[in-house]
Amino acid sequence: MLSPVKKEDVRYIKMDITPFGINYIHRSHPWTALWWSAALPGFGHMHLGAYIRGLMFMIGEILINLEGHLNLAIFYTFTGNFEKANHVLNERWSLFYAGIWVFALYDVWRLTIEMNGICELEEAQEKRFFKRMSISPLSITKLDQGNPLLAAFFSAVMGGAGQIYNGQFIKGFILVGWVMTVNYYAQINHLISKFISGKEIYLQSINWQWLLFFPSIFVFCIWDSYVSAVEINKLLVEEQRYHFGKKKGFHVVSEERSYPMYLLGTSKQGTNLELIVNSLKTHGLNKYEIIFLDRLNNAKKEIGDSICKSDGISNFNGAMCGAIVLMLFGTMWGGPLIPGGPVAIGLTGFVLGGILGYIIDRYAVGWVRAKLNRDPIKGSNPVDGQVLILVKTVNKDQYDYIKRMFSEKNIVFVGEIEQEALQALVS
């Protein structure tokens with residue numbers, strides 16, 4: 001077992017936990033961060049963990065956009081009213097937008113490449129720093145497995161809630177405040193209420209300047225909460241492998257024939273695994289091994305390809321890109337079509353865009369990547385997090401206890417093997 005490693009003991013760290021939440025660095029594809037910074041400057045930085053820098057870009061973008069009436073000019077342009085678009089655009093402010101937009105793209109591209117390099121250097125260190133939890137009067141924050149789909153659902157209901165669920169409090173509250181501000185000034189809840197009740201939505205009463213912020217923030221919150229949950233789950237897998245994986249050597253079985261029996265079970269990595277180890281030690285069962293299981297060959301692609309992976313090139317990214325584009329256009333073009341169009345067509349665009357983006361990314365772009373031999377970033381694919389637990393029991397009481405504990409801890413009981421058979425196997 002490894003002795004605790006302090007941050008001062010290593011040159012590079014990958015993660016830390018404070019009362020303000022979990023922050024970490026991870027491998028990511030530069031084009032992914034570039035896309036979100038193009039959608040709204042600051043989003044790419046927020047996802048990468050550079051919260052202050054991202055917040056400054058977001059504030060600058062919002063102020064310049066509002067003063068220059070940029071969203072309003074975009075709305076009139078895409079609805080064919082070019083004269084009005086020219087009339088509302090304030091060039092004194094809007095031309096600043098190009099500067100902040102271009103610099104945000106450059107900065108997030110550079111930051112992503114630097115972080116990928118730091119990840120490689122951090123993983124190559126003999127000693128690595130991991131932290132499981134932080135307790136203070138402000139909060140209790142811990143590294144634990146979460147459900148990415150649940151995080152995405154929370155962010156769909158209330159933008160930023162998924163990030164808070166993941167333990168990323170600073171980012172979560174920034175996004176909650178941003179979503180509430182956009183919602184208030186764009187009167188989104190009012191529009192949704194009218195749409196559900198079947199009342200007519202008058203287009204002239206819609207604040208398009210604020211409403212056009214909503215598609216980008218809505219989709220980003222969903223995407224980021226899902227991806228962050230995946231990355232935090234991977235951090236837990238790495239931490240446990242580092243913590244338990246240094247326990248080398250197979251325990252030699254005694255020659256005594258007093259009921260030696262080995263029980264095998266499989267489990268997912270998580271806090272449950274550590275509770276199992278603690279229970280074994282508490283009951284004096286020190287003859288155990290934890291074997292980490294990896295899939296060595298993924299010749300048969302999973303459904304969704306890399307949709308469950310957050311880094312490299314993921315089909316989930318393609319789905320979210322399509323969703324944000326069609327939701328934006330659906331919001332702008334839906335008004336004249338039906339009552340409640342900005343809401344109904346906008347949400348329809350979100351769903352259809354997600355499906356279309358996924359199909360294009362999985363088949364069309366995937367075919368191009370295959371021809372160009374472009375694979376996700378090496379070393380960044382998450383492991384499955386499955387372990388095989390092998391426990392030695394020397395009497396019936398221990399045997400019964402292990403089987404009962406497996407059942408209580410949701411360990412899948414694989415089987416049992418006697419000492420002679422095990423010795424024959426390893427000899």
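The values are calculated or read from the model by the stated rules, or taken from the named source; none is laboratory data. Just so we're clear, the structure is a prediction, and the values are computed from it rather than from any experiment. No Cβ is skipped: glycine too gets one built from the backbone with ideal geometry, and neighbour counts run over all protein chains shown. These area figures cover heavy atoms from the full protein model, side chains too; ligands, DNA and RNA do not enter into them. Shrake-Rupley method; radii C 1.70, N 1.55, O 1.52, S 1.80 Å.
In table form, for the structure just shown:
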quantity	calculated
Sequence ranges 155-161, 49-55, ranked by mean other-Cβ count within 10 angstrom, highest first	155-161, 49-55
Value of D in µm² per second that Stokes-Einstein yields for segment 47-165, Kirkwood Rh from Cα pairs, at 10 °C (1.306 mPa s)	86 µm²/s
Percent breakdown of C-alpha pair distances by 5 Å bin, ordered from the shortest bin, for segment 102-187	3, 11, 12, 13, 18, 21, 13, 5, 2, 1, 0
Per-selection Kirkwood Rh - segment 1-92 (Cα, Å, 1 d.p.)	16.5 Å
Heavy-atom surface of segment 1-132, accessible at 1.4 Å and reported per residue (Å²)	52 Å²
Accessible area of segment 88-164 belonging to carbon and sulfur atoms, whole % at 1.4 Å probe	69 percent
Given charges at beta-carbon only (K, R positive; D, E negative), |dipole| of segment 88-213 in Debye	400 debye
Cα coordinate range in segment 87-144, projected on the principal axes (Å, largest first)	59, 35, 15
